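> Please see the structure below; I have some questions.
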Amino acid sequence: MRLAVLAAFLASGPVAPAGDETFWIEGEKPSKSTFQKHGWYDDVKKDVLSGGDWLSHYGPKAGEASWSVDVKAGGDYAFWVRCNGLMVTQHYRIDVQDWVACDLRSEPREEIMISPRPDHRSLAWVKLGKVTLAPGAHTVSFRLTSPIQNHGGIDCFVLTNSGFVPTGARKPGAAAEAAPGEWFEVIPDDDVFAPQSVIDMSGLLHKPAGALGFVQRKGPRLEAGGKPLKFWGCGANLQGDKPRAWQEQWARYLSKHGVNMVRQHTVAEFLGLPGRGADGRPSFDPKKLDQWDAWCATLRKNGIYMTWSFFYPFAVRREDGYDLFDDLPPLHGNAELRSSSGIVTVEPALQDLEWKYVEALLTHVNPYTKLRYVDDPALAVIEVRNEDSIFWHAPLGPLADGKSFPRHGERLRMRWAEWLKKRYPTDGKLREAWGAGLRPGDSVDNPKMGVYGAWEMEAKGPHFNKAEARRMGDWIRFLAEAQREGYERREKALRALGYRAVTVATAWRAGGPSADPANLWTDDAMEMIDRHNYFGGGQGGHSVAEGKVENGTHLGAPGSGILSSGLYQVEDKPFSITEWTQLPPNSWKAEAAPLVAFYGMGLQGWDASYHFLSSRNRLGAGWPNLSSYVTDTPHVMGQFPALAFAIHKGHLKEGALAAARRLRTDDLFRGVDSLEQDLSGGGYDAKSLKGAAGTPPEVLAVGRVTAKFAAEDVTSERPDLSSFWDRAKKTITSNTGELRWDYGRRIVTLSAPKTQAVLGWAGGTTQDLPGVKVEVKTPFVSLIFTPLDDLPLTSSKRILITAMARDRQAGTEYSPDGATLLKAGAPPLLMEPVEARITLQGAPPSEVRAVDLYGVPTARKVPVEGGAFSIDGRFRAYYYEVRR
């Protein structure tokens, strides 16, 4: 814990100890106040307040209050306040100096509702900055106003020069000696980017992004300037309400942790609907466009490339002139805006409206870079649209049953009838093709023939009548050709405009397994294949909530969960996964980032990984905002430096082909799942994997798995896997020889010459790797050994150890089996320490130090005995630096 001072708190005011000074001042005990207490407004959850009360104001005039502080040492003090920042304008001043505006909304920390029901009564810590105080008596004052009865409230505030970071209502105290197994607090503050940090990977990035030239596809790989390139990134959607300095800090923070790519999701969601310029072209809001331009330039400067996901979905306005506007569903309940989701994949007129938007932004000149976006090599990937497919349940279900957008359904059936007539000029030819699957009334002249929803597209044929497989296969072919044609048109338009980097269609899949291979074929029209995948979570869905926990692990089922996305890799195309995470409150989420790095980016040869989602410029507090989608936690961002180093330095070998699944294009349209890998399931993660008869997911732990479709006859490849996969012992060794997955004991080891690792339930075992022997006590661990001098681990002089186990918030409680979250708890985050005895092969260490969460070595030395040393909770760290 970073609580290094002991402060006394008296009713008359705080008294600071000699030396470092931390003042914790209770809001409810001002020396002077005009705050007006109101019975309703003051009725809040006082058990979460510091001292059990606060100073609240609710009245016709502004509230002002003052407190006295007696400073002993003097100098610079960090200034924090815990207050209500919702719709409140608040100022502070020291003594009789000018009033200073409090920025309450840029980054409120640990924000909670304190009202019995959701309303405008909340509480959050806000860091106001730095103040300079001379020794002696001072007066600290706050003044607040708001549009709702000038409401507001001060719980407490802190002045400190000790490095103390407040969390919740917990006051500073002396740091007691920790026990080896004692969980330790992680309380992050803003990173000052100390040059001594051993986790700073920003030097590995190309600066500016695009310095090597445009990122381009070279066969199945990405390269820039003739050099291979991999992207280790995350989502990082521009937050326009934050000041430029905050965004600069964010970019530096991402760069420091080795992030060289971010995905903007979505472009249209931030920039909004454009107006019409004098030339009739789309014209974007000047303020938002300037924010966008500045953010893109900031990323570029910090060595971070960009992926733009344009639409989710594209919003259609009546004035756009789309002929079936009234048939589209309202967007978020707004009848003046209509959703094009799903329908746009097969409607050229809607695609043309999208293109006007895309063209206008790509030809805009960013004043900060002096480049049109189409000419900026930092824009590495363009994604046509997010998570959209004609084969998904929406829109295909409503289109098929006619219950929604009936006019679009009629038009699609008419187009299908026209398509059938070209393919089968007569009803006789149609009968010959469909045989027993012909329905009464089926005719090439019938524009009202029945069609299929996604849910009917089962692996062995149509849900109701398997004899209709050929009939449904033609429906799938018609839709696939229409969807692919849209992607081909967009690819051609982008190239004609001068775009030279990489294109992606979308990241979505089909709702039924018999259409999934055809859907992948449509994605193959563009340059890189992309997918999304999620694992874990629980009762709250998109947020952490008490109740059921999806507390599974990948480690008992090789190739499952997030890694199953590799079954969509196309043989001659780069592959990316632009959204993935293992959601809290899953207890084993520390496994996800190493698995994606070692097996996805390494063994499978994936080209780009984007964790979902970074939204702050430092690590968050606790389980940040109880969100399911957070990059900014130790389990994710905390492991990024080690993983990014391995990826950017090429420490992980790509595997040889373990399964090359090649199909004739015609095989995709037989109305059955030609790849025999049902990953449809209706959800994100691969819990829905019902059995991949063609290629078991375990093969993803052996080597590369790919698919490819060709017009001519092709031959699949599946080498003999028996020397890699011991089914009796439940172990799989990769064909690179570097990775071993013991799924019986749920342990993965990485034994590359440089980066080495132990992942999983290794407690009570000794793991002998080529460069290190690890005797593990903690039941579940993620232990990564990184040679910072890029030498083999056995000869490295500087080694970073990243040691993770479980995490939880203070007060979190699970049921004994981990299947139920009984109490979510609250910040700070508590980390279970990794207890392990470590013996490095080669020269013994000369020094081992605990490293703080910013990567700066501390004064806490780890004793070395006979070349071995033990790490545990006494050091309150998840990083260690070894020198020898």
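> Sorted by accessible area (1.4 Å probe), largest first, how do E491, E481 line up?
Listed by decreasing accessible area, they come as E481, E491.
> Among residues other than S146 whose Cβ falls under 15 Å from its Cβ, what is the net charge (Lys/Arg +1, Asp/Glu -1)?
+2
> Place +1 on the Cβ of every Lys and Arg and -1 on the Cβ of every Asp and Glu in segment 427-503, take the dipole about the Cα centre, and give the residue among L497, W434, A469 whose Cα lies farthest towards its positive end.
L497
> Additional query: Quick one: if the Förster radius is 45 Å, what FRET efficiency do D666 and S723 give, using the C-beta to C-beta distance and rounding to 0.05?
So the FRET efficiency works out to roughly 0.80.
> How much of the DSSP bridge set in segment 487-636 is antiparallel, in percent, rounded to the nearest 5?
15
> A further question on this structure: At 222 nm, what value in deg cm²/dmol follows for the chain if DSSP H runs of at least 4 each add -39500 (n - 2.57) and the sum is divided by all its residues, to the nearest 500?
Computed ellipticity for the chain at 222 nm equals -4500 deg cm²/dmol.
> From the convex hull of the Cα coordinates of the chain, what is the mean projected area in square nanometres?
Quarter of the Cα hull surface area: 39.6 nm².
> For the ranges 34-40, 414-420, what's the packing order if you count other beta-carbon atoms within 10 Å of each residue, average per peptide, and put the highest first?
Top to bottom by mean Cβ count within 10 Å: 414-420, 34-40.
> Now a separate question. Where the centroid of each part is defined by its Cα atoms, how far is segment 183-261 from segment 561-599 in Å?
19
> Hey, rough spin-label estimate for H542 and A436, points 7 angstrom out along Cα→Cβ, what's it come to in nanometres?
4.7
> What is the spin-label model distance, in nm, from A349 to K288 if the labels are put 7 Å beyond Cα along the C-beta direction?
About 2.5 nm, to one decimal.
> When you count, for each residue, the other Cβ atoms within 10 Å and take the mean per peptide, how do 99-107, 296-304 rank with the highest first?
296-304, 99-107
> Do the alpha carbons of any pairs in K207/K573; K61/K288; K422/K460; K421/K466 sit beyond 29 Å of each other, and which pairs?
K61/K288
> Mind giving me the nanometre distance, one decimal, between the label points for L337 and K130, set 7 Å out from Cα along Cα→Cβ?
4.2
> Given H placed on each backbone N at 1.01 Å, which residues far from C102 in sequence or on other chains put an amide H within less than 5 Å of it?
Placed amide hydrogens put Q90, H91, Y92 under 5 Å from C102.
> Just to confirm my numbers, what's the Cα centroid distance between segment 606-652 and segment 63-96 in Å?
34
> For G760, what is the net charge nearby, where nearby means another residue's Cβ is under 12 Å from its Cβ and Lys, Arg count +1, Asp, Glu -1?
+1
> Please compute the contact order of the chain in relative form: average sequence separation of alpha-carbon pairs under 8 Å and at least six residues apart, divided by the residue count, as a percent.
Across the chain, relative contact order equals 11 percent.
> Then there is this: Within segment 150-178, whose backbone N sits under 15 Å from a point 7 Å along Cα→Cβ of D53?
154-156
> Which lysines, on any chain, are close to K171 with Cα under 27 Å apart, when same-chain ones fewer than 8 places away are left out?
The qualifying lysines are K29, K32, K37, K45, K46, K72, K127, K130, K823.
> Also, quick follow-up: Taking the Cβ of R415 as the centre, find all other residues whose Cβ is under 12 Å away and add up their charges (Lys, Arg: +1; Asp, Glu: -1).
-1
> For M414 and A245, compute 0.36 nm times the residue count separating them, minus their Cα-Cα distance, and round to one decimal in nm.
55.3 nm is the gain from fully extending M414 to A245.
> Tell me, what is the 1.4 Å probe accessible area of E468, in Å² to the nearest 10?
That residue has around 20 Å² of solvent-accessible surface.
> Quickly rank 42-53, 249-260 as a protection proxy: mean count of other C-beta atoms within 10 Å, highest first.
Listed from highest to lowest mean packing, they are 249-260, 42-53.
> I need two numbers for segment 368-463: Rg to one decimal and Dmax as a whole number, Cα atoms only, in Å.
Rg, Dmax (Cα atoms, Å): 19.9, 65.
> With the full set of protein chains in place, find how many percent of the accessible area of the chain is carbon and sulfur; take the probe as 1.4 Å.
51
The values are calculated or read from the model by the stated rules, or taken from the named source; none is laboratory data. Everything quoted here is computed from the prediction, not taken from an experiment. Virtual Cβ from ideal backbone geometry, glycine too; neighbours counted across all protein chains shown. Calculation scope for accessible area: heavy atoms of the full protein, side chains included, ligands and nucleic acids excluded. Shrake-Rupley method; radii C 1.70, N 1.55, O 1.52, S 1.80 Å.
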